[in-house]
Structures are given as C-alpha cells and as structure tokens.
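Chemist: Got a structure for you, written out below as structure tokens; questions coming shortly.
Every number in this text was worked out from the coordinates using simple rules, so none of it is lab data. Note that the structure is a prediction, hence the values are computed from the model and not measured. When we count neighbours, we look across all protein chains shown, and the Cβ atoms used for this are built from the backbone with ideal geometry, even at glycine.
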Amino acid sequence: MTYNMLHAPGDRLGHLVDVVRSVDPDVLACQEINTYEGMMDLSRELGMLPVWGPANSHEDTRDGRPLYEHLVVLSKPAPKAVRVHRGDRRAMFRPVLEVRLEAPGGTTVTFFVVHLRAVLDATERYLKWRELGALLAVIAGADGPVVAMGDFNALPPGETPPAEGTRRELPEDHLAAFGGGVVAAITEAGLVDSLRLVHPYTGTPDSTLLHRPGARVDYIFVSEELRDCVTKAGIVDGEAVTVASDHRPVVAELTFTQ
C-alpha cells in the first residue's frame, strides 16, 4: 500500500489508521510524514516496524517556516536491509528510500519508495527528469525483483490530458514529464503499472487526488519477475479516506509460491 498522508499525522492520526487498517497491508509506504514522532505514533498504532527516510530539503512551508516531508516505510516483516539514496539533491526534495524484505516463500523483494516533486520551477530545466534518472539508476543496481511505489506527481500516458489547473507557462520539458513522460519512461525501463495489470484502462480516468478528477499520480510498479504475482490492485476510497488526506491510497496484492 502507498499513501500520501498530507503533512501527517497531526490531528488526523485516527482517520489515517482507520484507512490503513481497512486494507491491513504487510508493507505500507508513507509520504509526507512531517516528524519522527509522527512516524512512531503510526508505528505503534498499526503494530508495524518503521523505517525512516528523511527529506533532503523542504518543498513546502507553514507559517513562514520550512516544512519537511519525510518518507516512511512501515512493515510487518523485519527489513533485511535499508538504504537512503539522496540522489540529485538540487532536483530532489526527498530521497529514494530502499527497503529489502523477504516475501512468503523466501523471495527477497526490494522496495523503492519515492515522492517526486510537485513544485515545478519555471527557471530551471529537467528537474523531474533528473529525479526520474536518480530513481531508475538505483533500481538498475538492484538484484532480484523490485517494487517502486509512492507519489510520482505525474500522470499516466494516454489515459487523460494534464489535469485542469496545470501551469501552461512552465517549460515544455516539465509539462512533458508531468503529462505522461515520467510514467512512460518507468514502464520502458521494464516496470509494470500494477493497477493496469489487473484493471485495463476503460477510457474513464482513475484519480488518486481527491480534489482533481482524472489525476492519478500515485502508483505501485513491479518488475517483470513479479508480473504474474499481482493478483489484486486498486485505489482505496470511502468515508474515512475523504477526511484522512488529500490522496487516495493505492494497493496491490502479490501472491508468492514456494
């Protein structure tokens, strides 16, 4: 399960926990956890082991002060290895968080969690492509099956035009990356969109942003070795989701055999 929790947990801890418990994931990738204490609160409430991926720098501010949005992985199995890849710090507000876990049957799966930039600076070029390059570089160095998950702040190619409100004055490289280029490059690198494995596109755009219909920016990608393991996938919705965050979580179920 991947979930952008919107500057969490704060006073929404109970709502966030309700959403996660409704899915009961073995692995939970969280974006926008603002404090270490917040991570520990989630860990205790959910009974899952925490992994901390501290931000490189701040993308947002609150009351004129920098607001750091950290990455967190919570898991039921104990991690076999953890690494924080800082990447291109000038382009990346947050790192790539790597967590290796042993799946049922003894398969070791490497999870890469990201939260790519939402702020696009018209004065700089190719920032989202540089973020993507950092992610693909660490994935290329992984041994065995891979899952890449998180908030990519990019739309799927061929499913919907850029969401309403896109800043058209931005350079073409930013618009191309946001409007399908990032996701296309990930799939061209050999990763598969788990949602589309289970639910082929029907012509009606899916959305993971609550307030922007047709904007699917959160994904769980799997490497080709895991394609046949994906048995379920979907976007979580419901009353608790609408009050817990501004994103809907994305889930995928992988079934392993001995």
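Chemist: Where nothing but the Cβ of Lys and Arg (+1) and of Asp and Glu (-1) is charged, how large is the charge dipole of the chain around its Cα centre, in debye to the nearest 20?
Modeler: I would put it at about 420 debye.
Chemist: Determine, from the Cβ-Cβ distance of ARG90 and ASP228 and an R0 of 45 Å, the FRET efficiency 1/(1 + (r/R0)^6), rounded to the nearest 0.05.
Modeler: Efficiency computed from Cβ-Cβ geometry: 0.70.
Chemist: Oh, and also: Please say if region 5-112 is rounded, prolate or oblate, where rounded means a/c under 1.5 for a ≥ b ≥ c the square roots of the C-alpha gyration tensor eigenvalues, and otherwise the choice is prolate for a/b larger than b/c and oblate otherwise?
Modeler: Oblate is the answer for region 5-112, as a/c is 1.5 or above yet b/c matches or exceeds a/b.
Chemist: Which listed residue (LEU170, PRO213, THR231) has the Cα farthest towards the positive end of the charge dipole for the chain, taking +1 on Lys and Arg C-beta and -1 on Asp and Glu C-beta about the Cα centre?
Modeler: Positive-end residue among those listed: LEU170.
Chemist: Straight distance only, please: which aspartates and glutamates reach the Cα of LYS232 with their own Cα at less than 17 Å, same-chain residues fewer than 8 apart left out?
Modeler: Qualifying aspartates and glutamates at Cα under 17 Å: ASP24, ASP26, ASP193, ASP206, ASP218, GLU224, GLU253.
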